Structure formats: C-alpha cells, structure tokens
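The values are calculated or read from the model by the stated rules, or taken from the named source; none is laboratory data. Every value quoted in this text rests on a predicted model; they were computed, and no experiment measured them. We place every Cβ from the backbone using ideal geometry, glycine too, and count neighbours over all the protein chains shown. Ligands, DNA and RNA are excluded from the accessible area calculation, which covers all protein heavy atoms including side chains. Shrake-Rupley method; radii C 1.70, N 1.55, O 1.52, S 1.80 Å.
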Amino acid sequence: MGILTKILGFQLNIDKEYQGWFLIFATMTAIWLFCLPCYCAGMSSASSRKFASWVSQRLPVFYVFISLVNGAWIFLVIQWLPDYTFANYLSIVATCMAWAASHVLKWASSLVMIIAFGIAVAFKDRIALLLGVDHKQIFNCKARDCLSCWGSSRFQAIEILIWKVEDLPSADLFSANNIFVEMYLGYNETMHTRVHNNAGSDCIIKESAHLNFDEDDLDEKLVLFVRNQQVVGAQELARKEIPANQLREMLSKARASRDQRVAWNKEGFGDPIQLMPRGRIWLKVMPVEVEELPTC
C-alpha cells in the first residue's frame, strides 16, 4: 500500500511545456501498443512474427488487455504531471480530434497522395510482380553506390552452371517445349542459354554464364526463368528466385571444395532446386578468377 501511495503521489516538477511533450509521448506510446501486432508481423525476427501470429488468433482479448494497460499508463502519467488532470486531458484530446475533423477535407487530396505513396512503397514488390517487372533492374544505381563513389571493387565474378531441368509443365498439348533458361541478377544484363528445340519436359542444358555479384548487397537475387520459345515471344514455364544469402552459401561451398573441376552429374551438382509452379533445376555457383591485362 505504501509503494502504491508513493507511485501515485510522485510528481514531475518540470515546466508545463515539457509536461505537454511528455503527455504527447505517452499518448503516442499508447497508440503504438494498439498497433503492436502489425509492428511485430513486419519484423525480421522469427519470435516477433510468432508472437504476432499468436496474438492475431486472440485479438479481442489482446485489445481488452491493451486498453486496460493503456488506461493505467495514461492515468499514471497524468497523476505525475501537476498541471494536468484527466478531465483536462480528455478535453485536449477532444479538441484535437475536432480540429482534425474540421480540416480533413482541406487535407483530403494530400492525404490521398501520401496514402497512395505509402501503399506503393509498402507493396512495391507485389506491384512489380503484377506488372511483370519484378525481376528487372530498371535503374542501375542504388544509394550504396553513392556511398562507395560508384566503385566496382565490391563486385566479384561468379559462374552460374546449369546442368539440366526436369518435370516441367507442358506449354502446348500438341508440341514439345522449346526450352531455354533466362537469368537476371542485379546490374547484369539478361543472360540466356541456347534454345533446346523439342526438349519436352526434361532437358540437358550443360551451359554456364558469368555474372557480377555483390555479396554484401542483401537485396540482390538471382531470378531464373525456364521458358518455352514460341513463334512470337516466349512463354514462362517455371521460375525460381534465389536470394543473396543462398547464393553466398553456394559460393562458400564451392570455394571450400578442393576440386574446382565441373562434374556434370548428380555428385557434382547435389540436390536439385525446386521451381515454381513445377519442375526441378540442377544449378551450381562457382567463383571466377579474373585475369587482368598486364600494364606497361
């Protein structure tokens, strides 16, 4: 009882202006707690996403609990501020809400543009996928290029080796697939294998391509398309996106191997990579030693 009396009797002897800022911070914290499930769902931590998933199944209980926590938190803050009362706080909140409601029509066009921009940034990957340009590098420049003075020393040459593809869907019931593989990675230009005519659902590729790769750029990804060449254009049969961390692991394994020779068999390529929506591809990543021209 004595501890509770001390907590409720505590006073922040600061200027009224600073008390107002403290109350604004407390209010923003209470609003953030209401948005905690959404915040945790967007975090990279697995435990945070599990917590968000667990809370999403119990939202009514969560919001009742958080309402009680926020009510107690705001009550304590107001008790600690000598120049504010709970009635005064409610009056200020009501005044702010009324002012915002009276000006919302003036801000409508600006709010629509801000919301549209936020949606475009938040769902840029989905929008690019819908437009069919998710795999293309439109601008060959990023913020990290400015920090490195547009130097190319961070890039290293790698070799992508493709042995074969299997179990591909059929593009046409009356003709066999004319298969080729298309590769996209960062600033590199589009790379293709040759077209294997009348290959069907399985095809031995046995081709490689040299690409530049930045190990420290986590946004880079190798995008593979297995396509069927048609009279006009080409049709996608399957695809696979390999993120930078997986490429880095494959490259580390290749560096650790003493035998750098390429064996075009299951022992040399290991387990296949599953394609979407169907199919398998045997792929290997190898480092490339770049020879420089001698200088005079």
Problem - Criterion: in contact (Cβ under 8 Å) with a residue 24 or more places away in the chain and out of contact with any helix residue (DSSP H, G or I) (no Cβ under 9 Å at 6 or more places or on another chain) - qualifying residue of Ala256, Ala199, Ala238 - result: Ala238
Fill in the blank from the handout: Within the stretch 189-230, residues within 23 Å of the chain's Cα centre (by Cα) and of a type in the set (Lys, Arg) come out as Lys221
Problem - Residue check, Arg227 modelled with pLDDT of 90 or more and outside any strand (DSSP E or B) - result: no
Exercise for the section: Select the helices (runs of 4 or more DSSP H) contained entirely in the stretch 1-91, then report the ones holding at least 3 residues which are surrounded by 13 or more Cβ atoms within 10 Å (Cβ to Cβ). Expected result: 16-34, 36-41, 46-56, 59-80
Exercise for the section: Take the stretch 140-177 and flag every residue that is open to solvent by 30 Å² or more (accessible area, probe 1.4 Å), at pLDDT 85 or above, closer than 28 Å to Lys253 by Cβ and part of a loop (DSSP other than H, G, I, E, B). Expected result: Asp167
Practice task
Just need a number here: residues in the stretch 196-224 that are outside any strand (DSSP E or B), open to solvent by 40 Å² or more (accessible area, probe 1.4 Å) and under 23 Å from Asp167 (Cβ atoms).
Solution key: 4
Exercise for the section: Please tell me if Arg248 is outside any strand (DSSP E or B), of a type in the set (Lys, Arg), open to solvent by less than 80 Å² (accessible area, probe 1.4 Å) and within 21 Å of Asn212 (Cα to Cα). Expected result: yes
